[in-house]
1. Find all pairs meeting these conditions: Cβ atoms under 9 angstrom apart; at least six residues apart or on different chains; first residue within the stretch B:424-439 and touching a residue at least 40 places away in the same chain (Cβ under 8 Å) and farther than 13 Å from B:Ala263 by Cβ; second residue surrounded by 20 or more Cβ atoms within 10 Å (Cβ to Cβ) and of a type in the set (Val, Ile, Thr).
2. For the stretch B:141-172, what are the residues that are closer than 16 Å to B:Pro453 by Cβ and either crowded, with 24+ Cβ neighbours inside 10 Å or of a type in the set (Gly, Ala, Ser) (or both)?
3. Can you tell me how many residues within the stretch A:248-280 are farther than 17 Å from A:Asp157 by Cβ, of a type in the set (A, V, I, L, M, F, W, C), within 14 Å of another protein chain (Cβ to nearest Cβ) and touching a residue at least 24 places away in the same chain (Cβ under 8 Å)?
4. Which condition breaks for A:Lys283 when tested against (1) more than 15 Å from the chain's Cα centre (by Cα); (2) surrounded by 17 or more Cβ atoms within 10 Å (Cβ to Cβ); (3) charged (D, E, K, R); (4) more than 14 Å from every other protein chain (Cβ to nearest Cβ)?
5. When you look at B:Leu87, is it within 14 Å of chain A (Cβ to nearest Cβ) and surrounded by fewer than 24 Cβ atoms within 10 Å (Cβ to Cβ), yes or no?
6. Could you tell me which of the residues A:Val98, A:Val89 is in a loop (DSSP other than H, G, I, E, B) and either within 14 Å of chain B (Cβ to nearest Cβ) or over 22 Å from B:Ala451 (Cβ atoms) (or both)?
7. I'm trying to understand the selection: among the residues of the stretch A:113-130, which are of a type in the set (Gly, Ala, Ser) and either more than 9 Å from chain B (Cβ to nearest Cβ) or within 13 Å of A:Thr276 (Cβ to Cβ) (or both)?
8. Which is in contact with a helix residue (DSSP H, G or I) (Cβ under 6 Å, 6 or more places away or on another chain), modelled with pLDDT of 95 or more and within 14 Å of chain B (Cβ to nearest Cβ), of A:Ala103, A:Ala67, A:Ala110?
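The values are calculated or read from the model by the stated rules, or taken from the named source; none is laboratory data. In this text the structure is predicted, and so the values were computed from the model without any measurement. Here Cβ is always computed from backbone atoms with ideal geometry, including for glycine, and neighbour counts include all displayed protein chains.
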Amino acid sequence: MSHLAVQKTYKLYIGGAFPRSESGYTTEVLSASGTFLANAAKASRKDARDAVVAARSAVSKWSGATAYNRGQVLYRIAEVLEGRRAQFVAEIVASENVSAAAAGTQVDEAIDRWVWYAGWCDKYTQVSGNANPVAGPYFNISVPEPTGVVAVVAPQDSSLLGFVSALAPALVSGNTVVILASERFPLSAISFAEVLATSDVPGGVVNILTGSARDVAPWLASHADVNALDLVGANALDWISLEIAAADTLKRVLPPESGSDAAAPALARIQAFTETKTVWHTKSLI
Amino acid sequence: MTFLEYAPAPESTGLLNLKDSYGLFIDGEFVEARGESFATISPATEKTIALISTASDEDVDAAVAAARRAYDSTWSRLSGRDRGKYLFRIARLVQERARELAVAESLDNGKPIKESRDFDIPTVAAWFFYYAGWADKLDHAGLGANPSSLGVAAQVIPWNFPLMMLAWKVAPALAAGNTVVLKPAETTSLTALLFAEILQQADLPAGVVNIVTGAGATGRTLVNHPDVNKVAFTGSTAVGREIARSLAGTSKKITLELGGKAANIVFDDAPIDQAIEGIVNGIFFNQGQVCCAGSRLLVQENIHDEVVARLKERLSTLRVGDPLDKNTDVGAINSAAQLARVTELTAAGEAEGAVRWSPSCDLPSEGFWFAPTIFTNVQASHRIARDEIFGPVLSVLSFRTPAEAIAKANNTPYGLSAGIWSDKGSRVLAVADKLRAGVVWANTFNKFDPASPFGGYKESGYGREGGRPGLAAYLKPAPLGSSAAAPATPAAPATPAVTAPRSTSARKKAAK
């Protein structure tokens with residue numbers, strides 16, 4: 001007896017919930033050979049603004065958690081992702097028309113990169129911060145802190161690896177994120193939301209939008225409550241206009257990257273979304 | 001019942017699944033030792049828990065050979081990423097079996113279950129978690145790009161924090177790519193052997209960690225083994241000195257974490273409630289069997305009497321007794337030998353003219369017990385102000401000015417830790433600058449974190465455990481001029497060299 005599959009409705013992920021787009025619009029997601037895979041929600045300006053509100057409200061909890069706790073929560077994501085490996089492989093095979101082996105390699109690399117970034121939570125301050133030997137009786141130390149809400153345009157050419165490679169580094173220091181999934185390959189991003197939702201990640205820390213980056217990215221770039229903008233996957237967009245819009249509130253901006261290894265693992269991607277705070281304290285004379 | 005009397009609340013030992021006797025853990029398997037077995041006992045009852053093996057010279061040889069094979073064939077070839085994954089597994093398994101490990105630790109060591117449950121074992125997991133994340137980030141350890149591991153590490157650990165000391169040693173060694181032969185202390189081998197089971201559950205490749213039990217002779221054979229590249233020892237200054245002497249002229253890299261006689265300095269503007277709690281925690285935590293214990297209390301003269309009165313009041317509420325009772329504050333002394341040492345030194349304190357005080361408390365008739373004790377009228381020349389007692393005994397001295405406090409605090413051959421209590425930040429920082437100690441706690445005491453380096457100045461040893469220095473202790477830079485040494489990443493701030501000048505004068509023997 002054959003089992004008729006129950007198909008999944010792919011929705012957005014905002015504030016820890018899975019709403020449909022407020023617009024009521026969806027876009028068809030097709031396989032490489034043109035067959036129908038699913039309808040993905042087509043996020044609107046309102047969805048983007050809701051996502052920013054959710055991200056902002058999650059900043060104090062996520063950035064206020066100890067680095068050890070953040071590291072464990074991120075590591076938990078890798079554990080859950082590993083357990084769903086087969087699901088991601090199947091989804092990537094259907095979406096990207098690659099072999100199961102190639103899809104497996106992509107998922108494995110996504111898991112390993114995630115673990116790499118998880119390990120940075122309680123280390124990046126030791127590598128990026130330092131004591132400053134100022135010429136006077138002062139204690140003086142510089143420490144990196146998260147900048148706040150980071151909006152990300154995920155790499156467009158891969159389902160999962162590009163997505164996690166852009167997402168993970170922004171989370172390490174305690175930022176919260178609104179991320180636009182690949183327009184062509186959005187399904188893995190929403191399945192990844194299910195991983196997040198079952199991994200002790202507080203709601204609102206990661207918010208995932210699918211649909212047209214061309215339509216939504218400008219609203220995030222100009223949003224006054226967004227602190228930084230990662231344009232890694234914005235090659236095909238008018239990204240210079242996005243950077244100009246971001247300048248109004250002096251957002252920190254990372255430029256587009258191209259190639260299959262866009263958003264390659266780097267400490268610099270963590271540091272890009274941090275602020276350096278220097279604290280002076282007097283030392284009395286004894 | 002008064003409000004201070006609690007009904008017994010013993011933690012069950014039912015979750016333990018101990019064997020009657022334990023072999024050595026060599027090359028991934030438990031094997032029979034060639035030496036004699038000995039009993040490990042509960043210091044609270046003197047009852048035997050299990051039989052532990054003594055590793056002979058041949059057994060140590062086999063363990064080092066297994067570690068060398070594992071280093072050459074497996075561990076040094078594994079990617080940092082995969083080494084990290086094994087360490088993450090170990091961290092998770094420790095978390096999952098935390099209660100079992102805590103009960104075993106309290107049973108074997110005598111420490112209160114609230115400490116093993118809420119401090120020792122969580123710290124073990126944290127240590128593995130932290131260093132797991134370093135395994136694939138060695139370029140950032142502070143030694144330049146592509147640093148390499150050292151080889152086989154010989155690690156000898158003490159009985160005061162048995163599993164935690166194991167974690168401090170094993171986690172960074174494996175993260176950096178070394179293999180390990182570890183010798184736990186003679187009286188507290190049990191949790192190390194349970195840890196070996198965890199390594200099997202984690203499917204760690206055979207020989208990467210080998211555990212040889214036994215007494216001092218086993219440790220001596222291990223650290224002097226010619227095929228060992230790194231020696232890490234935590235224990236007494238006397239043994240640390242012996243190791244440094246016997247390894248002179250070899251290329252073995254050494255980390256020594258030895259004794260201490262920490263000053264805990266209380267200024268008259270200190271937040272007094274917190275200070276009283278901090279002083280009590282500083283010296284009665286783990287029955288005072290802590291190398292960094294705040295065993296010398298330096299109180300500013302004008303608040304001396306008030307602080308002493310408050311301390312006596314607080315000590316009167318400490319509950320001494322069954323380590324497995326959840327309400328116990330002070331457990332058993334680890335061994336008869338240690339109890340004898342504490343008894344001898346406190347007798348010397350009285351004989352030299354210091355004033356002794358203990359709260360009235362009923363001590364169990366069996367096991368090794370010592371009531372919390374305070375000495376006042378202590379002079380800097382008294383043995384109780386100079387020798388490491390390593391027991392629940394506080395020596396109170398006074399001072400008038402910050403300069404006097406600093407001079408008295410530094411008047412010791414040790415330099416492991418110190419405490420400062422004051423509401424004035426500028427004074428805290430200035431005093432901290434002048435203290436010759438590796439860890440300075442301000443308005444807190446006995447805080448430990450895998451991200452934070454720990455270790456001593458002077459005769460408290462050299463090298464650091466924890467943080468980046470703790471990782472660098474198990475690495476060496478890529479050879480000069482090699483392409484591997486070219487910077488692959490933006491240069492990180494250099495880690496200061498951790499080998500401090502040391503005196504070789506054998507001033508006294510001390511327990512760690």
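1. B:Arg427/B:Ile420
2. B:Ala141, B:Gly142, B:Met165, B:Ala167, B:Trp168, B:Lys169, B:Ala171, B:Pro172
3. Counting residues in the stretch A:248-280 that are farther than 17 Å from A:Asp157 by Cβ, of a type in the set (A, V, I, L, M, F, W, C), within 14 Å of another protein chain (Cβ to nearest Cβ) and touching a residue at least 24 places away in the same chain (Cβ under 8 Å) gives 6.
4. Result: A:Lys283 fails condition (4) only.
5. Taking the combined requirement at face value, the residue does not satisfy it.
6. Step by step, each of A:Val98, A:Val89 is checked, and only A:Val98 is in a loop (DSSP other than H, G, I, E, B) and either within 14 Å of chain B (Cβ to nearest Cβ) or over 22 Å from B:Ala451 (Cβ atoms) (or both).
7. Across the stretch A:113-130, the qualifying residues are A:Ser128, A:Gly129.
8. A:Ala110
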